[in-house]
Structure formats: C-alpha cells, structure tokens
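One structure below.
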Amino acid sequence: MTNATRTVHFKIYRYDPDKDAKPYMQDISVELDSTDRKLLDAMVKLKAKDDSIAFRRSCREGVCGSDAMNINGKNGLACLTAMDSFPEGKPVVLRPLPGLPVIRDLIVDMTQFFKQYHSIKPYLINNDPPPERERLQSPEDREELNGLYECILCACCSTSCPSFWWNPDKFVGPAGLLAAYRFIADTRDQATNERLDNLEDPYRLFRCHTIMNCVDVCPKGLNPTKAIGKIKEMMVRRAI
Amino acid sequence: MQRLVVGAGYGLKDWLAQRITGVVMAVFTLIMFAAALGGAMSSREAWQAFMANGFIRFLSFLFIVSLCYHAWVGVRDIWMDYLNSAALRLFLHVMTLLALVGYAGWAIQIIWRL
C-alpha cells in the first residue's frame with residue numbers, strides 16, 4: 001500500500017467561553033496519509049496541529065460513545081465515520097451535538113441527557129432473592145432484548161430529535177425510551193407497571209411524533225422509534 | 001426558580017384517539033370520492049339527496065367530530081412543543097378547545113341543513 005498523503009479541509013465550531021465572546025467556525029486543513037481512515041484519525045492529527053481544539057474520545061472503536069458530534073449536519077461517531085465517505089473537495093464541517101449546552105468547542109454538557117436516562121431507572125428491578133447462579137430467561141425472551149441493550153449512550157439520537165430540542169427537561173428522548181423498553185421487555189424485571197405509569201405522560205413519552213431522526217443517525221443501527229411504538233402498544237394492551 | 005413538574009399521567013387516550021379519528025376521516029374521504037365518482041355530486045339536487053341520507057348524516061357527523069378531536073390533539077401538541085409559558089399554554093388550550101367546539105356545532109348545523 002502506498003503511503004500517499006492528501007490534504008483535507010475542515011470547518012470546526014470553536015467556542016471557549018473563557019476567551020470567545022461568541023462561537024465561530026475555524027477553517028483548518030490537515031495532511032492525512034492512507035492509514036488515517038476514520039474521522040477520529042484525522043481529528044487526532046488536527047489536535048496535534050492545533051492543540052486548543054477540544055473534543056472527547058476514548059475507545060476509538062464505537063463502543064464508548066464519547067466522540068459523538070455533528071458531522072456535515074448529521075450526528076455520528078467520529079471513530080466510525082470513514083474519511084472516504086465525505087465528498088471530495090468540500091470541507092468537512094464539524095459541530096457539537098445540537099441542543100445541549102456547549103462546554104467548549106465540540107464538548108457538550110450531557111447532564112440533561114443523563115438526567116432523562118436515569119429517570120427511567122435503567123436497572124433491573126426484581127425483589128425476589130437472587131438465585132445461586134443467575135436469573136434465567138428463555139432464549140425467546142432473551143431475543144426481545146436484542147436491538148435494545150446495545151445502546152452506548154452516545155446521545156446522537158436524542159440530540160437529533162426536535163422533540164428533545166424543544167423539551168429536553170420533560171421529554172425522555174429516544175435514548176432514554178429505548179433503555180426504558182429494554183427493561184419493560186425484560187421478563188426478569190418486576191416493575192413493568194410502574195415503568196409504564198412513569199412514562200404515561202404527554203411530555204415524557206408522547207412528545208415523540210415519530211420523526212425518526214433517531215433511527216437515521218444511530219451509529220449502532222438501533223431503532224428507538226420501534227421501541228417507543230412497543231411501549232405505546234403495551235400501554236394499549238394494558239388499558240383495553 | 002420554579003420546580004419542574006412533569007408526570008400528568010395521561011396521553012395514551014389522546015394518542016390512540018388521534019389514530020382512530022385519522023382512520024375515520026380517511027374512510028369518510030374515500031366514501032366521498034366514491035360517491036362523487038358515482039354521480040352523487042352531479043347536480044345540487046343529487047348532492048342534497050345524498051347528504052340527507054340518514055347513514056351519510058351519521059358518517060358526516062362522525063367525520064366532523066373526528067376532525068375536531070384530531071385537530072385538538074394536534075394543535076395542543078404544537079402549543080406543548082413550542083411554548084414554555086404555562087399561562088400562555090393554558091390560554092391557547094382553552095381558546096383552541098372553544099374554537100373547535102364552536103366549529104363542530106356550526107359545521108354539523110350546516111351539513112344537516114342540506
């Protein structure tokens with residue numbers, strides 16, 4: 001493989017509340033070689049060039065969910081976004097996740113997001129004494145949790161959801177609702193009714209208008225809209 | 001700073017009603033299209049006779065009520081989505097509700113007069 005270098009241009013949202021009166025877009029370019037395949041590789045090089053650029057990253061393989069950002073107008077993980085997915089000759093535009101307060105540059109304050117996540121009690125509630133080894137499920141029951149437990153809480157979905165932008169303090173958001181259904185669907189959980197009661201609310205659940213931005217952006221290919229539909233279906237079954 | 005309160009404990013009924021009223025309106029629209037194709041709107045007399053039919057009166061009443069309920073949930077959702085002031089929301093909820101109830105009575109009176 002040749003180690004040909006190429007120049008890639010970036011436009012990056014910059015804001016340091018200690019120094020800047022307001023945010024601005026910085027034009028910067030970086031030389032990349034053929035081993036720099038993902039956006040995160042390019043950003044590490046950018047950081048070497050201008051170490052004042054702030055962004056979060058950790059595992060660099062789509063597991064930790066730290067490097068979620070708005071890439072060319074669409075939320076995604078820098079570590080899973082291929083550099084060759086960008087149109088040639090156009091700058092790559094990087095902004096922080098929309099709808100959350102910016103701490104600095106591409107780093108946002110996730111407090112509100114996690115507050116909603118915690119509000120659905122994201123843990124198994126079972127008051128029976130634990131068995132000697134583990135609480136068993138049938139393979140069919142376990143099957144229902146696929147597509148739910150894989151969420152890495154990167155917040156790409158919730159911060160692309162207009163309902164979450166308008167009511168982040170009241171609407172649980174797609175990530176929180178996906179996690180809520182993960183426990184509602186779990187046959188080992190004993191708090192199904194309380195969980196449904198907790199969500200039966202015009203704001204907490206019913207702000208979802210099935211816009212489906214969440215499904216469009218999820219870097220793990222999950223479907224929060226489907227999970228939300230299943231929660232509503234369960235509420236209907238419970239009510240009639 | 002007021003404390004945030006959330007957890008009104010309703011929502012399912014309106015969500016379900018919006019879906020059901022949507023189906024009612026879609027079915028009524030299809031019936032009206034079929035009637036138009038079948039010549040029920042070829043003249044004023046034919047149109048009048050069609051609308052005076054007991055079953056069509058029943059359906060048109062259902063349509064108007066469904067339209068208003070559907071619009072109530074939809075417009076209320078817009079106020080809830082975009083307005084932060086509870087006082088303004090309450091005012092607009094009441095105005096919307098009063099307008100829709102008024103429209104429903106008025107529309108039914110017009111249609112049943114045919």
Scanning the range B:29-58 residue by residue, those farther than 19 Å from residue B:106 by Cβ and either in contact with a Lys or Arg (Cβ under 8 Å, 6 or more places away or on another chain) or not in a helix (DSSP H, G or I) (or both) turn out to be B:38, B:39, B:40, B:41, B:42, B:43, B:53
Can you find a residue in the range B:59-72 that is touching an Asp or Glu at 6+ places or on another chain (Cβ under 9 Å), within 14 Å of another protein chain (Cβ to nearest Cβ) and outside any helix (DSSP H, G or I)?
no
Out of the residues in the range A:186-220 that are away from chain B (no Cβ under 14 Å), of a type in the set (A, V, I, L, M) and within 30 Å of residue A:74 (Cα to Cα), which is farthest from the chain's Cα centre (by Cα)?
A:212
By residue number, the members of the range A:76-92 that are within 20 Å of residue A:213 (Cα to Cα) and part of a strand (DSSP E or B) are A:76, A:77
Considering residues of the range B:1-16 that are of a type in the set (A, V, I, L, M) and closer than 13 Å to residue A:240 by Cβ only, the residue nearest to the other protein chains (Cβ to nearest Cβ):
B:12
Of (1) touching a Cys at 6+ places or on another chain (Cβ under 6 Å); (2) within 14 Å of chain A (Cβ to nearest Cβ); (3) not small (Gly, Ala, Ser), residue B:19 fails just (1)
Return only the number of the condition from (1) in contact with a Ser or Thr (Cβ under 6 Å, 6 or more places away or on another chain); (2) more than 23 Å from residue A:78 (Cα to Cα); (3) within 14 Å of chain B (Cβ to nearest Cβ) that residue A:173 does not satisfy.
(2)
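Can you find even one residue in the range A:167-176 that is under 18 Å from residue A:99 (Cα atoms) and among the polar types (S, T, N, Q)?
Step one: of the range A:167-176, the residues under 18 Å from residue A:99 (Cα atoms) are A:167-176.
Retained after the next criterion (residues that are among the polar types (S, T, N, Q)): A:167.
Yes; the residues of the range A:167-176 include at least one that is under 18 Å from residue A:99 (Cα atoms) and among the polar types (S, T, N, Q).
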Has the range B:91-106 got at least one residue that is exposed (fewer than 14 other Cβ atoms within 10 Å of the Cβ), farther than 30 Å from residue A:198 by Cα and among the aliphatic types (A, V, I, L, M)?
yes
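Read-outs throughout are calculated quantities, based only on the coordinates presented, and are distinct from any laboratory measurement. Bear in mind the structure is a predicted one, so any value in this text is a computation, not a measurement. No Cβ is skipped: glycine too gets one built from the backbone with ideal geometry, and neighbour counts run over all protein chains shown.
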